[in-house]
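All remarks here apply to the structure that follows.
The values are calculated or read from the model by the stated rules, or taken from the named source; none is laboratory data. Treat the numbers as computed from the prediction; the structure is a model and nothing was measured. Counting neighbours? That spans all protein chains shown, and the Cβs are built from the backbone with ideal geometry, glycine included.
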Amino acid sequence: MNKKFQKSNWVITISTVAILFVPEITLSADWSAFRRDSNRAGADAEISFYSPINLKWTAVLNNGYTYSSPIVYGETVFIGSSEGKLFAFNRKTGVKGWEYTAKGTIHSTPAAGDGIVCFGCSDGYFYALNISDGSLKWKYYIGNSINSSPAISGTNVYFGANNGYLYSLDITSGADAENWPKNIGCHLWSSPAVSNRVVYIGGYDGSLYAFNASTGNQKWVYSCGSEIRSTPAIANNTLYFTLYNGNIYAIDLLNSTNEKVVEKWPHKQLGLGMAVASSPSVADGVVYITANADYKPQSPPFQFPPWLPYVRLYALDASSGNESWSVSIANGYGGFHPYSSPAVSKDCIFITTRDNNQVAKISAFDRLSGAVKWEYNIGFSTKISPAISKGWLYL
């Protein structure tokens with residue numbers, strides 16, 4: 001079989017956005033929302049990346065910190081900052097097209113579609129901007145901070161807020177959809193996933209909720225016992241999500257009803273059973289997720305605490321939950337909470353890692369074995385998640 005090789009690249013963000021260069025096989029689609037699209041599976045299994053890796057461009061974002069991850073829509077990269085700015089960069093050159101300044105911190109990862117890019121902010125507003133020039137299309141006042149990242153599905157955009165409400169707004173006008181918003185009654189850090197006209201979101205009350213996207217009627221709720229900070233991923237009619245206590249769940253969406261929610265396989269604890277805030281990726285029948293799993297001694301000059309939990313990257317069979325492999329990758333940011341979620345290509349899993357006394361890296365792990373294929377020092381700590389689009393990797 002003849003393979004057509006093209007050039008591929010990637011990007012880095014926090015104080016900076018950067019792009020790196022690698023050979024690649026096929027062009028991929030947009031990565032237009034957190035975890036790629038409304039299914040939140042965090043994968044583009046059609047694209048292959050190979051070393052060597054070279055920095056392509058960098059662009060200064062701010063002097064602060066950001067949880068907002070990059071997205072790619074058309075020829076533009078969008079990312080928010082802790083200084084309340086949403087930036088638009090040319091995806092190939094890094095040239096800034098525009099920036100929009102809100103009045104709070106942007107922890108929400110934007111979503112783009114139909115000529116609009118939208119995001120939530122700590123100033124209590126949800127914003128929709130025109131992609132062409134960054135001008136304000138509309139904004140919706142909530143009065144509470146928004147950490148949840150929006151999902152665009154059909155003519156509506158869905159997101160949660162810290163006031164405990166799940167919203168559905170018309171993407172063109174910003175008007176509430178009929179019978180929305182829904183009062184879940186707890187903090188919503190998790191971002192909604194949408195599939196087959198059903199909206200799924202996890203809450204700080206330890207429950208996973210499912211609502212009819214059109215009517216707003218609750219289809220079911222499943223209580224799991226620990227707060228859900230991660231974003232659920234949908235693949236092959238199964239919903240995968242993690243709890244903050246380290247458990248991972250797989251829900252059978254075809255057979256779950258309001259009377260009974262069906263687990264595809266019994267939920268299981270990952271590693272030490274603590275602090276999982278990263279979201280799973282799913283590709284080709286495999287679930288990839290990170291969790292605190294090993295205790296290792298600190299290295300000088302970091303002596304307290306003397307031991308830190310180290311993060312492992314797991315590959316689980318999506319049908320059975322059985323572990324295919326796992327590898328120790330680093331102690332994460334600060335040693336305790338793995339926040340960055342993996343992005344999956346045809347042959348690699350990309351994730352940011354950091355040992356406590358080392359600079360942060362972007363690492364590529366082989367999908368079949370978990371072996372490190374290459375690493376690249378990015379020089380700053382990051383909790384954001386990589387994005388893959390059109391032969392480039394953005395971070």
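Only residues that are over 17 Å from G225 (Cβ atoms) and surrounded by 19 or more Cβ atoms within 10 Å (Cβ to Cβ) were counted in segment 257-294, giving 15. Any residue in segment 111-123 that is within 19 Å of G164 (Cα to Cα) and of a type in the set (S, T, Y)? Yes - at least one qualifying residue is present in segment 111-123. Is it true that some residue in segment 110-123 is more than 26 Å from T66 (Cβ to Cβ) and in contact (Cβ under 8 Å) with a residue 40 or more places away in the chain? No, segment 110-123 contains no residue that is more than 26 Å from T66 (Cβ to Cβ) and in contact (Cβ under 8 Å) with a residue 40 or more places away in the chain.
Filtering segment 180-205 to residues that are under 19 Å from the mean Cα position of the chain (by Cα) and of a type outside the set (A, V, I, L, M) leaves H187, W189, S190, S191, P192, S195, Y200, G202, G203, Y204.
Scanning segment 126-144 for residues that are small (G, A, S) and free of Cβ contacts under 8 Å to residues at least 40 places away in the same chain yields a total of 3. State which residue is surrounded by the fewest Cβ atoms within 10 Å (Cβ to Cβ) when the search covers only segment 180-197 and only residues that are assigned to a strand (DSSP E or B) and polar (S, T, N, Q). Checked segment 180-197; the qualifying residue surrounded by the fewest Cβ atoms within 10 Å (Cβ to Cβ) is N183.
Inside segment 198-209, residues that are closer than 18 Å to S149 by Cα and in a loop (DSSP other than H, G, I, E, B) make up a count of 2. Considering segment 164-174, and only residues there that are without any contact (Cβ under 8 Å) to a residue 40 or more places away in the chain and closer than 19 Å to R197 by Cα, the residue that is surrounded by the fewest Cβ atoms within 10 Å (Cβ to Cβ) turns out to be D170.
Quick check on my filter: what residues within segment 210-228 are assigned to a loop (DSSP other than H, G, I, E, B) and closer than 25 Å to D176 by Cβ? The answer is A213, S214, T215, G216, N217, I228. Checking the structure you have, find out if any residue of segment 120-132 is in a strand (DSSP E or B) and closer than 21 Å to N217 by Cα. Within segment 120-132 (the criterion being in a strand (DSSP E or B) and closer than 21 Å to N217 by Cα), the answer is no, since none of the residues qualifies.
Do you know which residues across segment 40-55 are assigned to a strand (DSSP E or B) and at pLDDT 85 or above? Matches in segment 40-55: A43 only. Taken over segment 358-372, the criterion of being surrounded by fewer than 19 Cβ atoms within 10 Å (Cβ to Cβ), in a strand (DSSP E or B) and either more than 21 Å from the chain's Cα centre (by Cα) or aromatic (F, W, Y) (or both) is satisfied by V372 alone. If you filter segment 85-119 down to residues that are among the polar types (S, T, N, Q) and part of a strand (DSSP E or B), you find that the one that is surrounded by the fewest Cβ atoms within 10 Å (Cβ to Cβ) is T101. On the basis of being farther than 23 Å from H187 by Cα and assigned to a strand (DSSP E or B), does V72 make the cut? Yes.
Could you say whether any residue in segment 162-179 is at pLDDT 95 or above, β-branched (V, I, T), over 23 Å from S340 (Cα atoms) and not in a loop (DSSP other than H, G, I, E, B)? Checked segment 162-179: no residue is at pLDDT 95 or above, β-branched (V, I, T), over 23 Å from S340 (Cα atoms) and not in a loop (DSSP other than H, G, I, E, B). Of the residues making up segment 149-163, those that are crowded, with 23+ Cβ neighbours inside 10 Å and closer than 14 Å to F211 by Cβ are A151, S153, Y158, F159, G160. Within segment 321-355, the set of residues being modelled with pLDDT of 90 or more and of a type in the set (S, T, Y) comprises S324, S326, S341, S345.
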